[in-house]
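Asks: Quick one: the structure is below, and I'll ask about it shortly.
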């Protein structure tokens, strides 16, 4: 979490956009909802996901953007 705070500050100071790639938890069921959401992100370590502004999810060749 300390690293994400530092990266966020770094990006804001320099007006940069940072992109992070993450895995979706195996419990996500595409039959129940067509796209994963922020709650489906696999978090092996605690992380405050409110530090992120936007999220982009891919599923079966489709893309969806969401506010984080």
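The values are calculated or read from the model by the stated rules, or taken from the named source; none is laboratory data. The model shown is predicted, which means the values in this text are computed figures rather than measured ones. Heads up, the Cβs are rebuilt from the backbone with ideal geometry, glycines too, and the neighbour counts pull from every protein chain shown.
Asks: I'd like to verify a number: residues in the range 39-68 that are part of a helix (DSSP H, G or I), modelled with pLDDT of 90 or more and closer than 23 Å to residue 11 by Cα, how many?
Replies: Qualifying residue count for the region: 0.
Asks: I'd like the residue in the range 25-38 that is in a loop (DSSP other than H, G, I, E, B) and touching a residue at least 24 places away in the same chain (Cβ under 8 Å) and, out of all such residues, is nearest to residue 3 (Cα to Cα). It would help to see each step written out before you state the result.
Replies: Narrowing the range 25-38 to residues in a loop (DSSP other than H, G, I, E, B): 25-37.
Now narrow it down to the ones that are touching a residue at least 24 places away in the same chain (Cβ under 8 Å): 30, 34-35, 37.
Numbers: 30: 31, 34: 32, 35: 28, 37: 23 Å.
Per the stated criteria, the residue is 37.
Asks: Then there is this: Check residue 7 against each of (1) part of a loop (DSSP other than H, G, I, E, B); (2) out of contact with any helix residue (DSSP H, G or I) (no Cβ under 8 Å at 6 or more places or on another chain); (3) surrounded by 10 or more Cβ atoms within 10 Å (Cβ to Cβ) and name the one condition it does not meet.
Replies: In the conditions (1) part of a loop (DSSP other than H, G, I, E, B); (2) out of contact with any helix residue (DSSP H, G or I) (no Cβ under 8 Å at 6 or more places or on another chain); (3) surrounded by 10 or more Cβ atoms within 10 Å (Cβ to Cβ), residue 7 misses (1) alone.
Asks: Also, quick follow-up: So residue 17 clears everything in (1) touching a helix residue (DSSP H, G or I) at 6+ places or on another chain (Cβ under 8 Å); (2) surrounded by fewer than 11 Cβ atoms within 10 Å (Cβ to Cβ); (3) outside any loop (DSSP other than H, G, I, E, B) except one condition, right? Which one?
Replies: Answer for residue 17: the failing condition is (3).
Asks: Would you mind telling me which numbered condition in (1) under 17 Å from residue 1 (Cα atoms); (2) surrounded by fewer than 11 Cβ atoms within 10 Å (Cβ to Cβ); (3) at pLDDT 90 or above residue 22 fails?
Replies: (2)
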